[in-house]
Structure formats: structure tokens, C-alpha cells
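Engineer: One structure follows; several queries about it will come next.
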Amino acid sequence: MDQGLLREILTHGTKFTNSPSDKFMLMMMCGQAKLENDNKGVNVKRGFRAKIEMGFRPNMSPLGYLHDKYAEKGTCKIFMDPVRGPIIKEAFHKVAYEGWTGRSVKRWLDDEVNLTTRKGKQVTLSMIYRMMDNPFYTGRYEFPQGSGKWYDGKHEALITKETYDKVQEVMKCAPKALPGTHEFAFTRIFKCGVCNSGISADQKVKRLKDGTTKRYVYYGCMKRWMTGCKQPYIREEELLDQLYKIIDKVDINELAAIERIKQEIERLTKMISSLGGHIATAKVAEIMPDIDVYACAKYILKEGTKDEKRDLLNHVNTELLISDGKISFKGKVKP
């Protein structure tokens, strides 16, 4: 109002103009509203503390428990879900004493038990890991989370503290990136033709009778979008053979690929020139206009390094899929 950008404020029962008295009244009413809002925050926190000291955790309880809707306000009792509670308890025991993983529990819940959330939706893998990491099932809880303040709840414990500790030991995951981690040639290039998940690689080393070792690399579906995907693994050598046979049909970004090949030829030309090979340099310069991208692509697939193969496939406009151990296309294909 002082800047002249606002002429007046109209509410349901009051009108405020740019006069000193109206602005003073507006300031008083805003201050009163702020005071009431802050008092409500203090009262809510006081109610939380009282509820916690009584053994009732605020907020929604995890899957496996239900709230008493008809209990007195502020003392909403929590009791075990007669349907989901025993199933979750059994899941904890399978992880703790049978060594099951999170994915094993999910397959069991989906295929055999058919456990759903309170809204009837499927239990996700992330929900399973959160359940296995939730100490609420032992009868104790931390509030606020991360504060270090623990309380004994009045709800029935689904599992013992010993079972919970064993689950934490089993569910510990090794770091994903370790010194010496392998970088494979065709990861992040292909996708599963059935569930559209990424394709990951796994290396196996076999020790032969003569004392030497042989390395095998297999590519398979990561099963990120469909945990039950049954697509088989394919060996790297077989994958290369298929790529070599079908590379003529793939739509390669020729401009980018040719530019990359020219850069390599120029690098080779400079090296030959520095060694005094002027005749060889001239011959290399003559063939540059007649570069066949697909012939070069075949040569790279057969003789190139891992980085060169990845660089080549990054110039492919066609989406490459793997299903039933065979490479297929999605998108542009060379006519």
C-alpha cells in the first residue's frame, strides 16, 4: 500500500484502505493470527509428547497393524492386523533364519500369499526393505526419527529384538562400487525386449585343469520393472556375433560416426607424418572421402577395444533389444 501497488484489501466483513488507522488495524489482526497459529503448533507438539509418553506413536502405523477407529481421541490404540500381521511376521523369520533376500520375499508375497496394502495395492520391493528396517515391529519406536529418543509402545510386538538384529545382518548390502569393479562393453546399451529393463553383465571365471583360467561374460535382464522376468542370459561372444551379422540393418548416425572415424584417421596421419611416411600419409588422405561407415563398424566390432565398441553403439539411432537370446530392433532400421 505504501508503494501504491495495492489500493485496498477487502475481507468478508472488513475493508482496509491506505489510511494509517486501517493499516494499524491490519497489522494488529495479522499479528493476532500469527500468535494463534504459533499457539496451535505448540499445542500439537504438546499433544504429541503426551501421546508418546502414553506409548502411542503418532502418525500411521506400518503395514501389519491397524488403528482402533473408535478409541478415545488422543489414545488411538494399535493392534495387530489379523490378516497381514502373521504374514509379515513369517517374512521376518524367513529372512532371519532361512537367509531370504528382499526379492525372494516379494516373489513369495506376490505368487503364494498375495499380500496387499491397506488400499489393495501390491507390496513393492522398497516397501519390503523399509519393513525389514523398521524397529516398530519389535515393540519400540524412535520419535522423531533420527533423534535418538526411544519409547516402549503399547502395541503388540510382531518379532523379538534378536530376530530383528538377525534380519539387519542378512539384509546388509555390499557396496555397489568396489575397487576393481569391471566395466563391461555393452552395459547401458541394450534393453530387455519383454519388460524394458536394462541389461546388466555378470563375469564368471573358470579355472581349467591345466591351471589357467578362462573368463566368461554373460548379459541378462536386470528385472527392474518385472521381478519375474524369465529371459535367459546370453554370452558376450554370441552377442558380438549377432551384432556383426545385423549391423548393416541398424540405423547409425552417419554424420557423427564419420566425424569420429575421420578424427582417428587424422590422428593416424599425423603419427605417420611425424615418422616421415609422406607417401603413406597421402594414401590415407585419398581414402577419407570414400569412408564406409558400416564396414568400419564391422571392423570395430571385430577388432576394436571395449571403449571403441561402446562409442560405436552410442551413435546408433535404433533402440537395441534382447529377448530370448536374440537381438531385435525398435525404432529406425536401415532400409
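The values are calculated or read from the model by the stated rules, or taken from the named source; none is laboratory data. Note that this is a predicted model, so its numbers are computed, not measured. No Cβ is skipped: glycine too gets one built from the backbone with ideal geometry, and neighbour counts run over all protein chains shown.
Engineer: Please verify whether Glu237 is modelled with pLDDT of 85 or more, within 30 Å of Asp324 (Cα to Cα) and surrounded by fewer than 14 Cβ atoms within 10 Å (Cβ to Cβ), treating the condition exactly as stated. Full working, then the answer.
Structural biologist: Working: modelled with pLDDT of 85 or more: yes; within 30 Å of Asp324 (Cα to Cα): yes; surrounded by fewer than 14 Cβ atoms within 10 Å (Cβ to Cβ): yes.
Yes.
Engineer: Can you name the condition, by its number, that Lys23 falls short on among (1) assigned to a loop (DSSP other than H, G, I, E, B); (2) more than 38 Å from the chain's Cα centre (by Cα); (3) touching a residue at least 12 places away in the same chain (Cβ under 8 Å)?
Structural biologist: Result: Lys23 passes all but (1).
Engineer: Right, another one. Looking at segment 198-210, I want the residues that are in the same structural domain as Arg235 (by TED's automatic domain parsing) and have a partner that is of a type in the set (Ser, Thr, Tyr) and in a strand (DSSP E or B) with Cβ atoms under 6 Å, at least 6 apart or on another chain. Which pairs are those?
Structural biologist: Between residues of segment 198-210 that are in the same structural domain as Arg235 (by TED's automatic domain parsing) and residues that are of a type in the set (Ser, Thr, Tyr) and in a strand (DSSP E or B), the close pairs are Ile199/Tyr219; Ala201/Tyr219; Asp202/Tyr218; Lys204/Tyr216; Val205/Thr213; Arg207/Thr213.
Engineer: From the set of residues in segment 125-148 that are surrounded by 12 or more Cβ atoms within 10 Å (Cβ to Cβ) and more than 18 Å from Ala96 (Cα to Cα), which is modelled with the lowest pLDDT?
Structural biologist: Out of the qualifying residues, it is Phe143.
Engineer: Considering Tyr164, Tyr151, which residue is among the aromatic types (Phe, Trp, Tyr) and either modelled with pLDDT of 90 or more or in the same structural domain as Ile234 (by TED's automatic domain parsing) (or both)? Walk me through how you get there before you give the answer.
Structural biologist: Numbers: Tyr151 fails: either modelled with pLDDT of 90 or more or in the same structural domain as Ile234 (by TED's automatic domain parsing) (or both).
Every option except Tyr164 fails the conditions.
Residue by residue, here is whether (1) in contact with a Cys (Cβ under 9 Å, 6 or more places away or on another chain); (2) exposed (fewer than 12 other Cβ atoms within 10 Å of the Cβ); (3) among the polar types (S, T, N, Q) holds:
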residue	(1), (2), (3)
Gly41	no, yes, no
Lys45	no, yes, no
Lys51	yes, no, no
Gly55	no, no, no
Met60	no, yes, no
Leu66	no, no, no
Lys69	yes, yes, no
Asp81	no, no, no
Pro86	no, no, no
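Engineer: Which one is nearest to Leu313 (Cα to Cα) among residues in segment 200-243 that are assigned to a helix (DSSP H, G or I) and of a type outside the set (D, E, K, R)? Step through it out loud before you land on a result.
Structural biologist: First, the residues of segment 200-243 that are assigned to a helix (DSSP H, G or I): 236-243.
Filter once more, so that each one left must be of a type outside the set (D, E, K, R): 239-240, 242-243.
Values: Leu239: 13, Leu240: 12, Gln242: 14, Leu243: 10 Å.
Within segment 200-243, the match that is nearest to Leu313 (Cα to Cα) is Leu243.
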